[in-house]
Amino acid sequence: MTIKDYKFAGKKAIVRVDFNVPLDENGKITDDTRIRGALPTLKHILDEGGALIIMSHMGKPKGKVAAKYSLSQIVDAVAAALGRPVQFAEDCAKAQDKAAALKPGEVLMLENLRFYPEEEGKPVGIEKEDPAYEPAKKEMKARQKEFAKVLASYADCYVMDAFGTAHRKHASTAVIADYFDADNKMLGFLMEKEVAAVDAVLGDIKRPFVAIMGGSKVSSKIGIIENLLGKVDKLILCGGMTYTFAKAHGGEIGNSIVELDKLDVALGVEELAKKNGVELVLAPDAICADSFSNDANQKIFPSNAIPEGWEGLDAGPKAQENFRNAIKGAKTILWNGPAGVFEFDNFCDGSRAIGEAIAEATANGAFSLIGGGDSVACVNKFGLADKVSYISTGGGALLEAIEGKILPGVAAIKGEGAK
Ligand code: AMP
């Protein structure tokens, strides 16, 4: 079923959204992108005469109730965004009465799903190495099904619109779908858009295809890097992983961030790039700091000749030029992860150079996809959000989709063979 075709009139829809929004110390939302992202789906259901049950997680409460992760803090913001009152169910697994009483046009939001360990379906407080882990996991999986069944019992149909958690097989993102037949479950508009954006990058790739992977570590991105090496024409690797590559060749990297146990991984990436004929673009120089702070003294060193007492926090001027040249002329672009510690205004020029080059290539007809919280924050920081083709709300989910994995949240709706 598709959300456009479904007749919501007189029906109750339970919608999984990603309202895991950042809050300040007073519980005020600092970035409401995720709420805005879900609005087309939520408003459509209400406009069509349906009643809404909204469910989400927030933070990592690890299966326990924790006031600082309560979704009650965002009820007013959601009500303001929808332009109507939002009721709240303080216990997401005991909302039967409130759900049953909902009338068309009314909205009920459930408390944080992750207050129940059943949502994630992983045993809490037992280490993986513990012999008790596997039996506990089995038991938890059974409890997860029961939990999903309770959530499903609140509604006539299920809408999955939480792209940010679509790579997790949780009760609310996937397991719940088993309790609805194919005619009563569907992806929301945000999910449809995200899946289409991934298709636009991977489906009919317009070349040259340039990917930019940054961030702090190579280890968390190695899967996607290896995968991209089978797809792209050029791969820019920047950010903290620069120094793992420099070290792998015996370079001096001072106090720069490094993964000493991943030196062989870095060499393997270089070898695979060569084998696949992919141009690997690494930063030859770095803007270095004498401490990890915005106000530190700055000096430029080659990335493989950084003296003790200094650490590379951003891509150097030569690197920035190389990145710009590599992005220029691209027809498909994927960017995940900053080129430096962009949170520091004095160390964000490398990330800015990338963002600006992407904007220019996009103006010249490239399709550019930006994903992962930090690269999205970069694009916003530099005022380039409307100069790129698509900004994904997903980090891990986007990368897994680009890797070609079927996201559990998509498979739950469309079947295992779904694209
Ligand atoms: P990730 O979560 O792996 O995508 O990494 C994002 C983080 O990497 C950002 O918070 C950046 O500040 C950080 N980062 C990027 N470059 C460096 C660097 N050279 N040294 C330390 N941290 C970095």
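Could you tell me how far the Cα centroid of segment 31-89 sits from the Cα centroid of segment 1-17, in Å? Each part's Cα centre sits 16 Å from the other's. Between the listed residues 102, 57, 71, the Cα displaced farthest toward the positive end of the dipole of segment 12-187, a dipole computed from Cβ unit charges relative to the Cα centre, is found at 57.
Once the Cα-Cα distance is subtracted from the 0.36 nm per residue extended length, the residue 321 to residue 65 segment shows a gain of 87.2 nm.
Across segment 336-367, the residues whose backbone nitrogen lies under 17 Å from the label position 7 Å along the beta-carbon direction of residue 220 are 336-344.
Restricting to the chain, what percent of DSSP beta bridges are antiparallel, rounded to 5? The answer is about 20 percent antiparallel.
The label-point distance for residue 343 and residue 7, in a model that sets each label 7 Å from Cα toward Cβ, rounds to 5.2 nm.
Cα centroid separation, segment 325-351 to segment 383-418: 21 Å.
A probe of 1.4 angstrom, applied to the heavy atoms of all protein chains, finds residue 24 with accessible area near 50 square angstrom. Once the Cα-Cα distance is subtracted from the 0.36 nm per residue extended length, the residue 178 to residue 133 segment shows a gain of 13.6 nm.
Ligands, DNA and RNA left out, the 1.4 Å accessible surface of segment 272-418 is 49% carbon and sulfur atoms.
Looking at segment 168-299 alone, DSSP beta bridges between its own residues are antiparallel in about 20 percent of cases. In the assembled protein chains, residue 170 presents an accessible area of approximately 10 Å² (probe radius 1.4 Å). In summary, the lysines within cross-link reach of residue 206, defined as a Cα separation below 18 angstrom excluding same-chain residues under 8 places away, comprise 231, 234, 328, 331.
Each semi-axis of the equivalent ellipsoid for segment 195-402 is √(5λ) with λ an eigenvalue of the Cα gyration tensor; in descending order they amount to 26, 19, 14 Å. Computed over segment 342-419, relative contact order equals 24 percent, with contacts defined as Cα pairs under 8 Å that lie 6+ residues apart. Counting every C-alpha pair in the chain, the share spaced more than 35 angstrom apart comes to 35%. Need one word for segment 111-261: rounded, prolate or oblate. Basis is the Cα gyration tensor (sqrt eigenvalues a ≥ b ≥ c); a/c below 1.5 gives rounded, then a/b vs b/c decides. Since a/c reaches 1.5 but b/c is at least a/b, the shape of segment 111-261 is classed as oblate. Can you tell me which lysines have their Cα less than 22 Å from the Cα of residue 128? Leave out same-chain residues fewer than eight positions away. In chain and number order, the partners are 60, 62, 64, 137, 138, 141, 145, 169.
Shown here are the Rg and Dmax of the Cα trace of segment 12-187, at 15.9, 52 Å. Extension gain, residue 275 to residue 377: 0.36 nm times the residue separation minus the Cα-Cα distance gives 33.3 nm. Bridging of residue 4 to lysines at a Cα separation below 17 Å is possible for 12, 43, 185, 193, 414, once same-chain residues fewer than 8 apart are set aside. For the chain, the relative contact order is 14 percent, taking Cα pairs closer than 8 Å that sit 6 or more residues apart in sequence and dividing their mean separation by the residue count. Packing here is the average count of other Cβ atoms within 10 Å per residue, and on that basis the peptides 100-106, 47-53, highest first, run 47-53, 100-106.
The candidates 114, 207, arranged from most to least accessible area with a 1.4 Å probe in the full protein assembly, appear as 207, 114. Averaged over residues, the count of other Cβ atoms within 10 Å places the peptides 327-335, 267-275, 147-155 in the sequence 327-335, 147-155, 267-275, highest first. Per residue, the convex hull around the alpha carbon atoms of segment 246-299 comes to 91 Å³. Here the spin labels are modelled as points 7 Å beyond Cα on the Cα-Cβ line, and at residue 36 and residue 207 they lie 3.7 nm apart. Normalised by the number of residues in segment 300-368, the average gap of Cα pairs under 8 Å and 6 or more apart makes the relative contact order 37 percent. A simple spin-label model places the labels of residue 141 and residue 103 4.5 nm from each other, with each point 7 Å out along Cα-to-Cβ.
DSSP bridge analysis restricted to segment 12-187 gives an antiparallel fraction near 5%, rounded to the nearest 5. Take the Cα pairs of segment 151-222, get the Kirkwood Rh, then feed it into Stokes-Einstein at 20 °C and 1.002 mPa s and tell me D in µm²/s. The diffusion coefficient I find is 144 µm²/s.
The values are calculated or read from the model by the stated rules, or taken from the named source; none is laboratory data. Bear in mind that the values here come from a model prediction, so they are computed numbers and not experimental data. Neighbour counts run over all protein chains shown; Cβ positions are idealised from the backbone, glycine included. Just so you know, the surface numbers come from the protein's heavy atoms only, side chains and all, with ligands and any DNA or RNA stripped out. Shrake-Rupley method; radii C 1.70, N 1.55, O 1.52, S 1.80 Å.
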